[in-house]
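Input: a single structure, listed below in C-alpha coordinates.
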Amino acid sequence: MNPAQAISAELAPLSTRKRFNSGDKRRFVTRILDVAIIAITGYISAKSMVHGWAHDITAVYRFSILFCAFFAFTAFDYFGVYQSWRGRGLAAMCAQAIGAWLTAWLGALFAAFLVHQSGSISRAWALSWLASAGLLIVLDRVVIYFALRAVRGHGFNTKTVFIVGYGSHGQDFHQKTVSAPAMGYKVVGYFAEDKRDAHGAVPCLVSLDEVRAFVVANRVDEVWLTLPLAAYNDMERIVAQLRGAPAEIRWIPDPATANFISHRTGETFGQLTIDLNHMPAPGVQGLFKELFDRSLAAAMLLALSPVMLGLALAVRLSSPGPVFYGHKRLGANGEHFKVYKFRSMVMDSQRILEELLANDPQARAEWDADHKLKNDPRITGIGRILRATSLDELPQLYNVLRGDMSLVGPRPIVDDEVHKYGSAIQYYYAARPGMTGLWQVSGRNDVTYNSRVNLDCRYVTSWSPWQDMKILWRTVGVVFGRRGAY
(Lines give C-alpha, C1' and ligand atoms only; values in the text may rest on other atoms or scores of the structure.)
Protein backbone atom coordinates (compact mmCIF):
# COMPACT_ATOMS: atom_id res chain seq x y z
CA MET A 1 0.00 0.00 0.00
CA ASN A 2 1.48 3.35 -1.00
CA PRO A 3 1.57 6.31 1.44
CA ALA A 4 -1.28 8.21 -0.25
CA GLN A 5 -3.57 5.17 -0.05
CA ALA A 6 -2.52 4.46 3.52
CA ILE A 7 -3.32 8.00 4.61
CA SER A 8 -6.77 7.80 2.99
CA ALA A 9 -7.43 4.48 4.73
CA GLU A 10 -6.41 5.95 8.08
CA LEU A 11 -8.58 9.03 7.65
CA ALA A 12 -11.68 7.18 6.42
CA PRO A 13 -12.97 5.92 9.79
CA LEU A 14 -12.41 9.35 11.32
CA SER A 15 -14.38 11.29 8.73
CA THR A 16 -17.78 10.96 10.39
CA ARG A 17 -18.71 13.45 13.10
CA LYS A 18 -20.07 12.06 16.33
CA ARG A 19 -22.75 14.72 16.66
CA PHE A 20 -25.57 15.85 14.39
CA ASN A 21 -24.00 19.11 13.24
CA SER A 22 -25.13 21.99 11.03
CA GLY A 23 -23.78 20.25 7.94
CA ASP A 24 -25.94 17.21 8.67
CA LYS A 25 -28.98 19.45 9.07
CA ARG A 26 -28.29 21.24 5.78
CA ARG A 27 -27.84 17.89 4.00
CA PHE A 28 -31.08 16.56 5.48
CA VAL A 29 -33.05 19.68 4.47
CA THR A 30 -31.56 19.68 0.96
CA ARG A 31 -32.28 15.97 0.51
CA ILE A 32 -35.93 16.41 1.53
CA LEU A 33 -36.26 19.45 -0.76
CA ASP A 34 -34.83 17.50 -3.70
CA VAL A 35 -37.27 14.64 -3.18
CA ALA A 36 -40.20 17.04 -2.78
CA ILE A 37 -39.24 19.07 -5.87
CA ILE A 38 -38.91 15.95 -8.04
CA ALA A 39 -42.20 14.46 -6.84
CA ILE A 40 -44.25 17.67 -6.96
CA THR A 41 -42.99 18.90 -10.34
CA GLY A 42 -43.50 15.45 -11.85
CA TYR A 43 -47.05 15.30 -10.51
CA ILE A 44 -47.98 18.86 -11.56
CA SER A 45 -46.47 18.38 -15.04
CA ALA A 46 -48.44 15.15 -15.51
CA LYS A 47 -51.67 16.78 -14.33
CA SER A 48 -51.30 19.93 -16.41
CA MET A 49 -49.88 18.45 -19.62
CA VAL A 50 -51.38 14.95 -19.84
CA HIS A 51 -54.34 14.07 -17.66
CA GLY A 52 -55.94 17.35 -16.70
CA TRP A 53 -56.77 18.40 -13.16
CA ALA A 54 -60.01 16.41 -13.05
CA HIS A 55 -58.32 13.02 -13.47
CA ASP A 56 -55.69 11.10 -11.52
CA ILE A 57 -52.34 10.31 -13.15
CA THR A 58 -51.82 6.82 -14.57
CA ALA A 59 -49.55 4.11 -13.19
CA VAL A 60 -46.61 4.71 -15.54
CA TYR A 61 -46.32 8.33 -14.41
CA ARG A 62 -46.62 7.37 -10.75
CA PHE A 63 -43.91 4.74 -11.28
CA SER A 64 -41.54 7.22 -12.97
CA ILE A 65 -42.06 9.88 -10.30
CA LEU A 66 -41.58 7.43 -7.42
CA PHE A 67 -38.49 5.95 -9.09
CA CYS A 68 -36.84 9.38 -9.36
CA ALA A 69 -37.82 10.41 -5.84
CA PHE A 70 -36.40 7.16 -4.43
CA PHE A 71 -33.24 7.58 -6.53
CA ALA A 72 -32.75 11.12 -5.22
CA PHE A 73 -33.22 10.05 -1.60
CA THR A 74 -30.90 7.05 -1.78
CA ALA A 75 -28.41 7.60 -4.60
CA PHE A 76 -27.75 11.34 -4.99
CA ASP A 77 -25.05 10.95 -2.32
CA TYR A 78 -22.97 8.91 -4.76
CA PHE A 79 -22.81 11.93 -7.07
CA GLY A 80 -21.36 14.13 -4.32
CA VAL A 81 -24.57 16.16 -4.24
CA TYR A 82 -24.68 16.41 -0.45
CA GLN A 83 -20.99 16.98 0.28
CA SER A 84 -20.00 19.91 2.46
CA TRP A 85 -20.59 23.25 0.76
CA ARG A 86 -17.83 25.05 2.68
CA GLY A 87 -15.00 26.25 0.50
CA ARG A 88 -16.74 25.15 -2.71
CA GLY A 89 -18.06 27.11 -5.67
CA LEU A 90 -21.80 27.42 -6.31
CA ALA A 91 -21.51 26.54 -10.01
CA ALA A 92 -19.78 23.22 -9.30
CA MET A 93 -22.39 22.24 -6.71
CA CYS A 94 -25.30 23.09 -9.00
CA ALA A 95 -23.66 21.18 -11.85
CA GLN A 96 -23.33 18.08 -9.65
CA ALA A 97 -26.99 18.31 -8.69
CA ILE A 98 -28.12 18.73 -12.31
CA GLY A 99 -25.96 15.77 -13.35
CA ALA A 100 -27.53 13.60 -10.66
CA TRP A 101 -31.05 14.74 -11.59
CA LEU A 102 -30.44 14.08 -15.29
CA THR A 103 -29.22 10.58 -14.42
CA ALA A 104 -32.32 9.91 -12.32
CA TRP A 105 -34.60 11.25 -15.06
CA LEU A 106 -32.96 9.09 -17.73
CA GLY A 107 -33.08 6.13 -15.36
CA ALA A 108 -36.83 6.55 -14.90
CA LEU A 109 -37.43 6.66 -18.65
CA PHE A 110 -35.23 3.59 -19.14
CA ALA A 111 -37.08 1.74 -16.37
CA ALA A 112 -40.37 2.56 -18.11
CA PHE A 113 -38.89 1.18 -21.32
CA LEU A 114 -37.91 -2.07 -19.59
CA VAL A 115 -41.50 -2.62 -18.41
CA HIS A 116 -42.79 -1.80 -21.91
CA GLN A 117 -44.45 1.44 -20.83
CA SER A 118 -42.19 4.04 -22.45
CA GLY A 119 -44.51 4.41 -25.43
CA SER A 120 -47.29 5.71 -23.20
CA ILE A 121 -45.15 8.49 -21.70
CA SER A 122 -45.69 11.99 -23.06
CA ARG A 123 -42.50 13.60 -24.34
CA ALA A 124 -43.90 17.02 -23.43
CA TRP A 125 -44.39 15.81 -19.84
CA ALA A 126 -40.90 14.32 -19.66
CA LEU A 127 -39.22 17.49 -20.93
CA SER A 128 -41.38 19.75 -18.78
CA TRP A 129 -40.53 17.67 -15.72
CA LEU A 130 -36.81 17.69 -16.58
CA ALA A 131 -36.73 21.48 -16.96
CA SER A 132 -38.95 22.46 -14.02
CA ALA A 133 -37.35 20.11 -11.50
CA GLY A 134 -33.86 21.03 -12.69
CA LEU A 135 -34.60 24.74 -12.35
CA LEU A 136 -35.99 24.38 -8.82
CA ILE A 137 -33.16 22.06 -7.72
CA VAL A 138 -30.69 24.77 -8.76
CA LEU A 139 -32.80 27.56 -7.28
CA ASP A 140 -33.06 25.97 -3.83
CA ARG A 141 -29.26 25.58 -3.76
CA VAL A 142 -28.72 29.19 -4.77
CA VAL A 143 -31.02 30.41 -1.98
CA ILE A 144 -29.47 28.15 0.68
CA TYR A 145 -25.93 28.92 -0.49
CA PHE A 146 -26.30 32.70 -0.24
CA ALA A 147 -28.25 32.45 3.01
CA LEU A 148 -25.42 30.41 4.54
CA ARG A 149 -22.81 32.85 3.20
CA ALA A 150 -24.66 35.74 4.83
CA VAL A 151 -24.92 33.92 8.16
CA ARG A 152 -21.29 32.77 8.13
CA GLY A 153 -20.06 36.19 7.03
CA HIS A 154 -21.40 37.53 10.34
CA GLY A 155 -19.49 34.93 12.35
CA PHE A 156 -22.24 32.35 12.82
CA ASN A 157 -22.30 28.69 11.72
CA THR A 158 -18.50 28.57 11.49
CA LYS A 159 -16.25 25.53 11.81
CA THR A 160 -13.09 25.77 13.86
CA VAL A 161 -9.88 24.51 12.28
CA PHE A 162 -6.48 23.42 13.59
CA ILE A 163 -3.67 23.35 11.02
CA VAL A 164 -0.80 20.87 11.28
CA GLY A 165 2.12 22.04 9.14
CA TYR A 166 2.54 25.79 9.03
CA GLY A 167 4.87 26.19 6.08
CA SER A 168 3.91 28.27 3.05
CA HIS A 169 1.13 25.80 2.13
CA GLY A 170 -0.46 25.92 5.58
CA GLN A 171 -0.11 29.69 5.77
CA ASP A 172 -1.80 30.00 2.39
CA PHE A 173 -4.84 28.05 3.61
CA HIS A 174 -4.92 30.08 6.82
CA GLN A 175 -4.99 33.28 4.78
CA LYS A 176 -7.83 31.91 2.65
CA THR A 177 -9.99 31.38 5.74
CA VAL A 178 -9.29 34.97 6.83
CA SER A 179 -10.00 36.51 3.42
CA ALA A 180 -13.18 34.47 2.84
CA PRO A 181 -15.13 34.45 6.14
CA ALA A 182 -18.36 33.62 4.28
CA MET A 183 -16.98 30.11 3.69
CA GLY A 184 -17.42 29.50 7.42
CA TYR A 185 -13.95 28.45 8.61
CA LYS A 186 -11.98 29.90 11.53
CA VAL A 187 -8.42 28.82 12.36
CA VAL A 188 -8.05 28.54 16.15
CA GLY A 189 -4.54 27.09 16.32
CA TYR A 190 -1.74 25.42 14.43
CA PHE A 191 1.34 23.27 14.84
CA ALA A 192 4.65 24.69 13.59
CA GLU A 193 7.84 22.79 14.25
CA ASP A 194 9.86 25.96 13.79
CA LYS A 195 8.96 28.68 16.31
CA ARG A 196 10.00 31.29 13.76
CA ASP A 197 6.80 30.42 11.86
CA ALA A 198 4.69 31.49 14.84
CA HIS A 199 1.79 33.80 14.06
CA GLY A 200 0.65 35.89 17.02
CA ALA A 201 -3.04 35.93 16.11
CA VAL A 202 -3.71 32.28 17.05
CA PRO A 203 -2.02 29.77 19.41
CA CYS A 204 0.99 27.90 18.07
CA LEU A 205 1.97 24.43 19.29
CA VAL A 206 5.53 23.21 18.80
CA SER A 207 5.02 19.59 19.89
CA LEU A 208 2.84 17.03 18.14
CA ASP A 209 2.08 15.49 21.54
CA GLU A 210 0.05 18.59 22.45
CA VAL A 211 -2.28 18.41 19.46
CA ARG A 212 -4.89 15.99 20.82
CA ALA A 213 -5.30 17.87 24.11
CA PHE A 214 -5.74 21.16 22.25
CA VAL A 215 -8.25 19.71 19.76
CA VAL A 216 -10.38 18.13 22.50
CA ALA A 217 -10.21 21.10 24.89
CA ASN A 218 -11.19 23.59 22.19
CA ARG A 219 -13.77 21.31 20.53
CA VAL A 220 -12.04 21.76 17.17
CA ASP A 221 -14.24 20.76 14.22
CA GLU A 222 -11.57 19.98 11.62
CA VAL A 223 -7.85 19.24 11.61
CA TRP A 224 -6.09 20.10 8.34
CA LEU A 225 -2.84 18.31 7.61
CA THR A 226 -0.99 20.62 5.22
CA LEU A 227 2.08 18.39 5.20
CA PRO A 228 4.02 16.97 2.24
CA LEU A 229 3.96 13.29 1.40
CA ALA A 230 7.47 13.01 2.87
CA ALA A 231 5.94 13.73 6.31
CA TYR A 232 3.87 10.54 6.14
CA ASN A 233 5.13 9.35 9.55
CA ASP A 234 3.99 12.59 11.21
CA MET A 235 0.56 12.28 9.57
CA GLU A 236 0.23 8.69 10.74
CA ARG A 237 1.14 9.82 14.26
CA ILE A 238 -1.47 12.61 14.24
CA VAL A 239 -4.18 10.25 12.96
CA ALA A 240 -3.36 7.76 15.73
CA GLN A 241 -3.47 10.52 18.36
CA LEU A 242 -6.84 11.84 17.22
CA ARG A 243 -8.53 8.47 16.90
CA GLY A 244 -11.87 8.82 18.66
CA ALA A 245 -11.69 12.61 18.88
CA PRO A 246 -14.80 14.38 17.47
CA ALA A 247 -12.88 16.17 14.70
CA GLU A 248 -12.73 15.58 10.97
CA ILE A 249 -9.19 15.11 9.66
CA ARG A 250 -8.27 16.25 6.17
CA TRP A 251 -4.99 15.88 4.36
CA ILE A 252 -4.51 18.84 2.02
CA PRO A 253 -1.46 17.94 -0.11
CA ASP A 254 0.67 20.69 -1.56
CA PRO A 255 0.17 21.29 -5.32
CA ALA A 256 3.26 19.28 -6.31
CA THR A 257 2.08 16.25 -4.32
CA ALA A 258 -1.48 16.65 -5.61
CA ASN A 259 -0.19 16.55 -9.18
CA PHE A 260 1.88 13.47 -8.36
CA ILE A 261 -0.97 11.40 -6.88
CA SER A 262 -3.88 12.61 -9.04
CA HIS A 263 -3.19 10.28 -11.96
CA ARG A 264 -5.24 7.34 -13.21
CA THR A 265 -5.34 4.44 -10.78
CA GLY A 266 -5.58 0.74 -11.51
CA GLU A 267 -4.93 -2.62 -9.92
CA THR A 268 -2.16 -5.17 -10.42
CA PHE A 269 -2.13 -8.47 -8.48
CA GLY A 270 -4.69 -7.00 -6.09
CA GLN A 271 -2.57 -3.93 -5.31
CA LEU A 272 -3.38 -0.31 -6.13
CA THR A 273 -1.26 1.14 -8.94
CA ILE A 274 -0.91 4.76 -10.10
CA ASP A 275 -0.04 5.48 -13.74
CA LEU A 276 2.33 8.40 -13.22
CA ASN A 277 2.75 9.35 -16.88
CA HIS A 278 -0.84 8.82 -18.02
CA MET A 279 -2.31 11.77 -19.89
CA PRO A 280 -6.12 11.66 -19.94
CA ALA A 281 -6.88 13.18 -23.36
CA PRO A 282 -5.68 10.78 -26.07
CA GLY A 283 -7.77 8.73 -28.47
CA VAL A 284 -11.48 9.39 -28.78
CA GLN A 285 -11.51 11.96 -25.96
CA GLY A 286 -8.67 13.89 -27.58
CA LEU A 287 -10.50 13.84 -30.92
CA PHE A 288 -13.66 15.12 -29.22
CA LYS A 289 -11.70 17.98 -27.65
CA GLU A 290 -10.14 18.96 -30.98
CA LEU A 291 -13.48 18.86 -32.84
CA PHE A 292 -15.16 20.87 -30.09
CA ASP A 293 -12.36 23.45 -30.05
CA ARG A 294 -12.29 24.00 -33.80
CA SER A 295 -16.08 24.07 -34.20
CA LEU A 296 -16.58 26.59 -31.41
CA ALA A 297 -13.62 28.71 -32.59
CA ALA A 298 -15.08 28.90 -36.11
CA ALA A 299 -18.50 29.87 -34.75
CA MET A 300 -16.99 32.52 -32.45
CA LEU A 301 -14.85 34.00 -35.24
CA LEU A 302 -17.96 34.35 -37.39
CA ALA A 303 -20.09 35.82 -34.60
CA LEU A 304 -17.41 38.19 -33.30
CA SER A 305 -16.08 39.37 -36.67
CA PRO A 306 -17.80 42.82 -36.42
CA VAL A 307 -16.33 43.32 -32.93
CA MET A 308 -12.88 42.23 -34.07
CA LEU A 309 -13.07 44.56 -37.06
CA GLY A 310 -13.86 47.48 -34.75
CA LEU A 311 -11.01 46.56 -32.40
CA ALA A 312 -8.60 46.27 -35.33
CA LEU A 313 -9.55 49.79 -36.43
CA ALA A 314 -9.06 51.12 -32.88
CA VAL A 315 -5.60 49.55 -32.62
CA ARG A 316 -4.57 50.89 -36.02
CA LEU A 317 -5.66 54.45 -35.19
CA SER A 318 -4.27 54.50 -31.64
CA SER A 319 -0.55 54.20 -32.48
CA PRO A 320 1.74 53.48 -35.44
CA GLY A 321 2.30 49.84 -36.24
CA PRO A 322 0.49 46.69 -37.35
CA VAL A 323 -2.87 45.60 -35.98
CA PHE A 324 -1.77 42.10 -34.98
CA TYR A 325 1.21 40.91 -33.00
CA GLY A 326 2.68 37.44 -33.40
CA HIS A 327 5.06 35.91 -30.86
CA LYS A 328 6.80 32.54 -30.88
CA ARG A 329 5.56 30.19 -28.16
CA LEU A 330 5.98 26.54 -27.23
CA GLY A 331 3.14 24.16 -27.96
CA ALA A 332 2.31 20.47 -27.76
CA ASN A 333 5.29 18.10 -28.11
CA GLY A 334 7.65 21.07 -27.72
CA GLU A 335 6.84 22.44 -31.18
CA HIS A 336 6.94 26.19 -31.78
CA PHE A 337 4.11 28.27 -33.21
CA LYS A 338 3.13 31.92 -33.46
CA VAL A 339 0.43 33.05 -31.07
CA TYR A 340 -1.57 36.02 -32.37
CA LYS A 341 -2.99 38.95 -30.42
CA PHE A 342 -4.19 42.46 -31.11
CA ARG A 343 -1.13 44.66 -30.68
CA SER A 344 -1.29 46.34 -27.29
CA MET A 345 2.25 47.78 -27.10
CA VAL A 346 4.25 50.48 -28.83
CA MET A 347 6.54 49.44 -31.66
CA ASP A 348 9.88 49.85 -29.81
CA SER A 349 8.66 47.88 -26.79
CA GLN A 350 11.78 45.71 -26.55
CA ARG A 351 14.08 48.74 -26.22
CA ILE A 352 11.82 50.29 -23.58
CA LEU A 353 11.75 47.03 -21.62
CA GLU A 354 15.54 46.62 -21.69
CA GLU A 355 16.09 50.19 -20.49
CA LEU A 356 13.51 49.78 -17.71
CA LEU A 357 14.95 46.50 -16.45
CA ALA A 358 18.48 47.90 -16.54
CA ASN A 359 17.57 50.98 -14.47
CA ASP A 360 14.77 49.76 -12.17
CA PRO A 361 15.69 46.88 -9.79
CA GLN A 362 12.09 46.54 -8.60
CA ALA A 363 10.81 46.13 -12.15
CA ARG A 364 13.62 43.63 -12.85
CA ALA A 365 12.59 41.53 -9.84
CA GLU A 366 8.93 41.63 -10.89
CA TRP A 367 9.83 40.62 -14.46
CA ASP A 368 12.13 37.79 -13.36
CA ALA A 369 9.41 36.41 -11.07
CA ASP A 370 6.41 36.49 -13.41
CA HIS A 371 7.54 37.71 -16.87
CA LYS A 372 4.92 40.46 -16.43
CA LEU A 373 4.86 44.06 -15.20
CA LYS A 374 1.83 45.49 -13.42
CA ASN A 375 2.61 49.04 -14.61
CA ASP A 376 4.10 48.30 -18.01
CA PRO A 377 5.17 51.52 -19.83
CA ARG A 378 5.13 49.73 -23.19
CA ILE A 379 1.33 49.33 -23.24
CA THR A 380 -0.74 51.79 -25.29
CA GLY A 381 -3.96 53.39 -24.08
CA ILE A 382 -6.22 51.11 -26.13
CA GLY A 383 -3.89 48.22 -25.29
CA ARG A 384 -4.54 48.65 -21.56
CA ILE A 385 -8.27 48.32 -22.17
CA LEU A 386 -7.80 45.31 -24.44
CA ARG A 387 -5.65 43.53 -21.85
CA ALA A 388 -7.94 44.30 -18.92
CA THR A 389 -10.88 42.81 -20.83
CA SER A 390 -8.82 40.04 -22.52
CA LEU A 391 -10.09 41.27 -25.90
CA ASP A 392 -6.49 41.38 -27.14
CA GLU A 393 -6.58 37.56 -27.19
CA LEU A 394 -9.50 37.18 -29.61
CA PRO A 395 -7.16 36.58 -32.61
CA GLN A 396 -6.06 33.39 -30.84
CA LEU A 397 -9.31 31.88 -32.09
CA TYR A 398 -7.41 31.64 -35.38
CA ASN A 399 -4.68 29.66 -33.56
CA VAL A 400 -7.39 27.32 -32.24
CA LEU A 401 -8.87 26.92 -35.72
CA ARG A 402 -5.40 26.04 -37.07
CA GLY A 403 -4.87 23.44 -34.35
CA ASP A 404 -1.96 25.25 -32.65
CA MET A 405 -4.01 25.92 -29.52
CA SER A 406 -7.10 24.80 -27.63
CA LEU A 407 -9.84 26.90 -26.11
CA VAL A 408 -8.79 25.51 -22.72
CA GLY A 409 -5.29 24.34 -21.88
CA PRO A 410 -1.99 25.24 -20.20
CA ARG A 411 -0.63 28.77 -20.52
CA PRO A 412 1.39 29.44 -23.71
CA ILE A 413 5.02 29.90 -22.63
CA VAL A 414 8.26 31.07 -24.25
CA ASP A 415 11.57 29.20 -24.39
CA ASP A 416 13.01 31.27 -21.53
CA GLU A 417 10.38 29.87 -19.15
CA VAL A 418 11.06 26.17 -19.75
CA HIS A 419 13.66 25.91 -16.97
CA LYS A 420 11.09 27.15 -14.44
CA TYR A 421 8.87 24.16 -15.17
CA GLY A 422 11.58 21.61 -14.33
CA SER A 423 10.31 18.04 -14.65
CA ALA A 424 6.75 19.40 -14.93
CA ILE A 425 7.46 20.43 -18.53
CA GLN A 426 6.41 16.90 -19.58
CA TYR A 427 2.82 17.78 -18.67
CA TYR A 428 2.99 21.01 -20.63
CA TYR A 429 4.24 19.24 -23.75
CA ALA A 430 1.37 16.72 -23.48
CA ALA A 431 -1.35 19.26 -24.32
CA ARG A 432 -2.02 22.17 -26.64
CA PRO A 433 -1.77 25.59 -24.96
CA GLY A 434 -5.12 27.21 -24.24
CA MET A 435 -6.72 30.62 -24.67
CA THR A 436 -7.91 30.16 -21.10
CA GLY A 437 -7.06 27.64 -18.44
CA LEU A 438 -7.18 26.66 -14.81
CA TRP A 439 -4.72 29.33 -13.71
CA GLN A 440 -6.61 32.11 -15.51
CA VAL A 441 -9.83 31.32 -13.62
CA SER A 442 -7.91 30.91 -10.34
CA GLY A 443 -6.64 34.47 -10.12
CA ARG A 444 -4.96 35.32 -13.46
CA ASN A 445 -2.05 37.68 -12.72
CA ASP A 446 -2.69 37.53 -8.96
CA VAL A 447 -1.42 33.92 -8.96
CA THR A 448 2.29 33.29 -8.33
CA TYR A 449 4.39 31.75 -11.09
CA ASN A 450 4.84 28.46 -9.21
CA SER A 451 1.09 28.27 -8.68
CA ARG A 452 0.55 28.76 -12.42
CA VAL A 453 2.86 25.84 -13.17
CA ASN A 454 1.09 23.62 -10.64
CA LEU A 455 -2.34 24.58 -11.97
CA ASP A 456 -1.25 23.84 -15.54
CA CYS A 457 0.00 20.40 -14.45
CA ARG A 458 -3.20 19.70 -12.53
CA TYR A 459 -5.29 20.59 -15.58
CA VAL A 460 -3.37 18.19 -17.84
CA THR A 461 -3.39 15.26 -15.39
CA SER A 462 -7.10 15.61 -14.55
CA TRP A 463 -8.48 16.69 -17.94
CA SER A 464 -12.07 15.90 -18.80
CA PRO A 465 -14.63 17.46 -21.17
CA TRP A 466 -16.65 18.54 -18.16
CA GLN A 467 -13.64 20.35 -16.68
CA ASP A 468 -13.22 22.28 -19.94
CA MET A 469 -16.88 23.33 -19.81
CA LYS A 470 -16.49 24.55 -16.23
CA ILE A 471 -13.35 26.54 -17.05
CA LEU A 472 -15.01 28.17 -20.08
CA TRP A 473 -18.00 29.13 -17.93
CA ARG A 474 -15.79 30.52 -15.15
CA THR A 475 -13.72 32.44 -17.71
CA VAL A 476 -16.77 34.55 -18.57
CA GLY A 477 -17.11 35.62 -14.94
CA VAL A 478 -13.38 36.31 -14.57
CA VAL A 479 -13.26 38.45 -17.72
CA PHE A 480 -16.31 40.51 -16.79
CA GLY A 481 -15.11 40.80 -13.19
CA ARG A 482 -11.63 41.82 -14.44
CA ARG A 483 -10.11 39.98 -11.45
CA GLY A 484 -6.31 39.85 -11.63
CA ALA A 485 -6.24 41.65 -14.98
CA TYR A 486 -3.53 44.07 -16.06
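The values are calculated or read from the model by the stated rules, or taken from the named source; none is laboratory data. Quick caveat: nothing in here was measured; it's all calculated off a predicted structure. As a convention, Cβ positions derive from the backbone with ideal geometry for all residues, glycine included, and neighbour counts pool all protein chains shown.
Which of the residues that make up segment 317-332 are more than 14 Å from PRO395 (Cβ to Cβ) and not hydrophobic (A, V, I, L, M, F, W, C)?
SER318, SER319, PRO320, GLY321, LYS328, GLY331 - these are the residues of segment 317-332 that are more than 14 Å from PRO395 (Cβ to Cβ) and not hydrophobic (A, V, I, L, M, F, W, C).
Output the residues belonging to segment 378-431 that are more than 26 Å from the chain's Cα centre (by Cα) and among the aromatic types (Phe, Trp, Tyr).
Hit for segment 378-431 is TYR398, nothing else.
Tally time: how many residues in segment 322-337 are surrounded by 15 or more Cβ atoms within 10 Å (Cβ to Cβ) and farther than 16 Å from ARG387 by Cβ?
Adding up the residues that qualify gives 5.
Does PRO228 meet the test of being surrounded by 15 or more Cβ atoms within 10 Å (Cβ to Cβ), under 22 Å from the mean Cα position of the chain (by Cα) and farther than 30 Å from TYR82 by Cβ?
Yes; evaluated as a whole, the condition is true for this residue.
Show the residue pairs that are 6+ apart or on different chains and have beta-carbon atoms under 6 Å apart, the first residue being within segment 87-104 and within 13 Å of LEU135 (Cα to Cα), the second being among the hydroxyl-bearing types (Ser, Thr, Tyr) and surrounded by fewer than 16 Cβ atoms within 10 Å (Cβ to Cβ).
Taking only residues 6 or more apart or on different chains, not a single pair turns up.
What is the residue count in segment 63-83 for residues that are hydroxyl-bearing (Ser, Thr, Tyr) and closer than 14 Å to ALA108 by Cα?
Matching residues across segment 63-83 total 1.
For every residue, the table says whether it meets (1) surrounded by fewer than 17 Cβ atoms within 10 Å (Cβ to Cβ); (2) outside any helix (DSSP H, G or I).
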residue: PHE67; (1), (2): no, no
residue: PHE73; (1), (2): yes, no
residue: TYR82; (1), (2): no, yes
residue: ALA95; (1), (2): yes, no
residue: LEU102; (1), (2): yes, no
residue: LEU106; (1), (2): yes, no
residue: PHE110; (1), (2): yes, no
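What number of residues in segment 365-383 are modelled with pLDDT of 80 or more, surrounded by 14 or more Cβ atoms within 10 Å (Cβ to Cβ) and outside any loop (DSSP other than H, G, I, E, B)?
3
Read through the list (1) buried (at least 20 other Cβ atoms within 10 Å of the Cβ); (2) assigned to a helix (DSSP H, G or I), then give the number of the only condition that LEU401 fails.
All conditions are met except number (1).
Name the residue that is farthest from ARG458 (Cα to Cα), counting only residues in segment 402-439 that are of a type in the set (Asp, Glu) and modelled with pLDDT under 85.
Step by step, filter segment 402-439, then rank; the result is ASP416.
Say whether the condition of being exposed (fewer than 15 other Cβ atoms within 10 Å of the Cβ) and part of a helix (DSSP H, G or I) is met by at least one residue in segment 158-170.
Taking every residue of segment 158-170 in turn, at least one turns out to be exposed (fewer than 15 other Cβ atoms within 10 Å of the Cβ) and part of a helix (DSSP H, G or I).
Please verify whether TYR190 is modelled with pLDDT under 75 and among the hydroxyl-bearing types (Ser, Thr, Tyr), treating the condition exactly as stated.
Criteria not met by TYR190.
For segment 62-86, enumerate the residues that are in contact (Cβ under 8 Å) with a residue 60 or more places away in the chain and among the aromatic types (Phe, Trp, Tyr).
TRP85 - this is the single residue of segment 62-86 that is in contact (Cβ under 8 Å) with a residue 60 or more places away in the chain and among the aromatic types (Phe, Trp, Tyr).
Could you please let me know if LEU229 is more than 16 Å from HIS169 (Cα to Cα) and either modelled with pLDDT under 85 or among the acidic types (Asp, Glu) (or both)?
The answer is no for LEU229.
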